[in-house]
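The values are calculated or read from the model by the stated rules, or taken from the named source; none is laboratory data. Since this is a predicted model, take the numbers as computed values, not measurements. Here Cβ is always computed from backbone atoms with ideal geometry, including for glycine, and neighbour counts include all displayed protein chains.
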Amino acid sequence: MPHPRIDIDVLCVGHACYDLVFSVAAHPAEDEKIFADNLVAGGGGPAANAAVTVTRLGFSAAFAGYLGQDIYGEKHLEELTGEKVYTGLIVQGAWPTPLSTVIVKPDGKRALINYKGQTRAVANGQIDFSRVAPKIILFDGHQPQLSPALAQNSRNQGIPTVLDAGSLHEGTEALMGRVDYLVCSEKFARQVAKDVMTALTQLAQRAPAVIITLGENGLVWRRGLEQGALSAFPVNAIDSTGAGDAFHGAFAAALAVAMPWLDVLRYASAAGALCCTKTGARCGLPSRQEQSALLRQFSAVNKAL
């Protein structure tokens with residue numbers, strides 16, 4: 001007898017890793033030895049962080065991807081379970097859990113070193129997605145073998161899909177024409193065209209709705225015949241690691257509860273901004289209370305104007 005499907009607000013499909021985030025006074029020069037002022041360690045990865053964002057904001061989430069049967073994979077699995085993310089779609093194996101070393105300067109700018117070793121992408125058919133019934137599916141492009149078919153099946157079933165397009169590569173290129181919401185970084189946009197607005201026009205030919213996030217400069221968007229821009233929330237940024245992941249998770253959660261379009265964008269922007277106020281991606285992902293406080297502050301300022 002088949003098991004009943006688990007209702008989920010957002011299913012996040014893609015990359016999970018383990019982050020080591022070093023805070024430094026300046027990025028090291030060639031042959032230079034420096035000492036970090038702080039170290040934060042914890043789970044990471046765009047889709048995994050997005051799933052945690054969703055649950056911290058008070059919604060339900062599942063993560064589908066890979067974790068190794070090593071100390072980093074086990075610690076990350078414990079974190080996801082503790083954050084109330086559904087972990088029944090995670091594949092575990094002998095390949096190592098990917099690692100990321102993040103070097104953060106006082107101004108919040110960062111450099112990343114990623115290590116995957118020989119770890120392979122999850123094969124199509126290796127995960128039984130019939131176990132969950134999501135309202136929204138968020139992809140980060142890092143599971144290129146299973147994501148395109150899942151995106152197409154989701155479209156056939158009327159389940160909206162979102163792509164976190166951080167950079168242009170095999171996975172994001174395969175998905176950008178298969179999703180309903182293409183949410184991309186400025187880096188991704190400039191890989192498509194040198195000018196951001198030109199990229200927005202070109203990308204709008206591939207997806208019904210396109211958002212290009214511009215960090216402290218906010219975002220631009222186009223949906224059908226409408227387009228616009230939104231300023232970033234003014235915050236004291238100390239580390240931008242994970243800000244995009246928080247944005248995408250909050251964006252998908254807002255879609256899951258059918259918020260009005262501009263409210264979706266503000267909700268996602270607030271989450272991304274809050275993530276910049278703390279060191280480390282996972283540590284910086286906002287709580288529901290923090291999110292509500294920033295949005296109330298924004299609303300109060302607007303009423304006063």
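Every condition in (1) part of a loop (DSSP other than H, G, I, E, B); (2) surrounded by 15 or more Cβ atoms within 10 Å (Cβ to Cβ) holds for V102 except the one numbered (1).
Being farther than 21 Å from D37 by Cα and under 19 Å from the mean Cα position of the chain (by Cα) is the filter here; which residues of segment 83-113 pass it? Let's see the steps before the verdict.
Residues of segment 83-113 that are farther than 21 Å from D37 by Cα, as a first pass: 83-98.
Residues satisfying the conditions are E83, K84, V85, Y86, T87, L89, I90, T97, P98.
Of everything listed in (1) in contact (Cβ under 8 Å) with a residue 60 or more places away in the chain; (2) within 30 Å of L200 (Cα to Cα); (3) hydrophobic (A, V, I, L, M, F, W, C); (4) buried (at least 17 other Cβ atoms within 10 Å of the Cβ), the single unmet condition for A111 is (4).
Only residues that are polar (S, T, N, Q) and not in a loop (DSSP other than H, G, I, E, B) were counted in segment 52-75, giving 2.
Only one of (1) charged (D, E, K, R); (2) surrounded by fewer than 20 Cβ atoms within 10 Å (Cβ to Cβ); (3) modelled with pLDDT of 95 or more; (4) within 20 Å of the chain's Cα centre (by Cα) fails for R223. Which number is that? Here R223 meets the rest and fails (4). What about E79, is it under 23 Å from S287 (Cα atoms), among the acidic types (D, E), touching a helix residue (DSSP H, G or I) at 6+ places or on another chain (Cβ under 6 Å) and surrounded by fewer than 22 Cβ atoms within 10 Å (Cβ to Cβ)? Against the criterion (under 23 Å from S287 (Cα atoms), among the acidic types (D, E), touching a helix residue (DSSP H, G or I) at 6+ places or on another chain (Cβ under 6 Å) and surrounded by fewer than 22 Cβ atoms within 10 Å (Cβ to Cβ)), E79 does not qualify.
Only residues that are part of a loop (DSSP other than H, G, I, E, B) and touching a strand residue (DSSP E or B) at 6+ places or on another chain (Cβ under 8 Å): list them for segment 129-151, please.
Initial filter on segment 129-151 (part of a loop (DSSP other than H, G, I, E, B)): 140-146.
Of everything in segment 129-151, those that are part of a loop (DSSP other than H, G, I, E, B) and touching a strand residue (DSSP E or B) at 6+ places or on another chain (Cβ under 8 Å) turn out to be D140, G141, H142, Q143, L146.
Of the helices (runs of 4 or more DSSP H) contained entirely in segment 236-305, those carrying at least 1 residues that are hydroxyl-bearing (S, T, Y) fall at 261-275, 288-304.
When D128 is tested against the conditions (1) under 15 Å from L11 (Cα atoms); (2) in contact (Cβ under 8 Å) with a residue 60 or more places away in the chain, the lone failure is (2). Remark: pairs (first residue in segment 195-207, in a loop (DSSP other than H, G, I, E, B); second residue surrounded by 15 or more Cβ atoms within 10 Å (Cβ to Cβ) and of a type in the set (A, V, I, L, M, F, W, C); Cβ separation under 7 Å; 6+ apart in sequence or on different chains) = A204/V210; R206/M176; R206/L182; A207/M176; A207/V179; A207/L182.
Residues of segment 152-194 being among the polar types (S, T, N, Q) and in a loop (DSSP other than H, G, I, E, B), which ones?
Within segment 152-194, just S167 meets the criteria.
Pairs linking a residue in segment 24-46 that is on the phi > 0 side of the Ramachandran plot and part of a strand (DSSP E or B) to a residue that is at pLDDT below 90 and surrounded by 13 or more Cβ atoms within 10 Å (Cβ to Cβ), with Cβ atoms under 6 Å and 6 or more positions apart or on different chains, do not occur.
Restricting attention to segment 18-41, the residues that are under 24 Å from T87 (Cα atoms), touching a Lys or Arg at 6+ places or on another chain (Cβ under 9 Å) and crowded, with 18+ Cβ neighbours inside 10 Å add up to 3.
Just checking, which of V183, V179, V162 is under 15 Å from A229 (Cα atoms), at pLDDT 95 or above and in contact with a strand residue (DSSP E or B) (Cβ under 7 Å, 6 or more places away or on another chain)?
Working: V179 fails: under 15 Å from A229 (Cα atoms); V162 fails: under 15 Å from A229 (Cα atoms).
Only one candidate passes the filter, namely V183.
Would you mention how many residues in segment 49-76 are farther than 23 Å from D128 by Cβ and within 17 Å of the chain's Cα centre (by Cα)? Write out each step before concluding.
Taking segment 49-76 and keeping what is farther than 23 Å from D128 by Cβ, we get 49, 53, 56-58, 70-72, 75.
Still in the list and also within 17 Å of the chain's Cα centre (by Cα): 49, 53, 56-58.
So the answer is 5.
Among the residues of segment 160-188, the one identified as under 10 Å from V210 (Cα atoms), surrounded by fewer than 24 Cβ atoms within 10 Å (Cβ to Cβ) and touching a residue at least 40 places away in the same chain (Cβ under 8 Å) is Y181.
Out of everything in segment 258-288 that is of a type in the set (S, T, N, Q) and surrounded by fewer than 24 Cβ atoms within 10 Å (Cβ to Cβ), what residue ends up being modelled with the lowest pLDDT? Before the answer, list the steps.
Filtering segment 258-288 down to residues of a type in the set (S, T, N, Q) leaves 269, 277, 279, 287.
Add one more test, that the residue is surrounded by fewer than 24 Cβ atoms within 10 Å (Cβ to Cβ), and what stays is 277, 279, 287.
Details: T277: 93, T279: 84, S287: 96.
So, considering only residues that are of a type in the set (S, T, N, Q) and surrounded by fewer than 24 Cβ atoms within 10 Å (Cβ to Cβ), the one modelled with the lowest pLDDT is T279.
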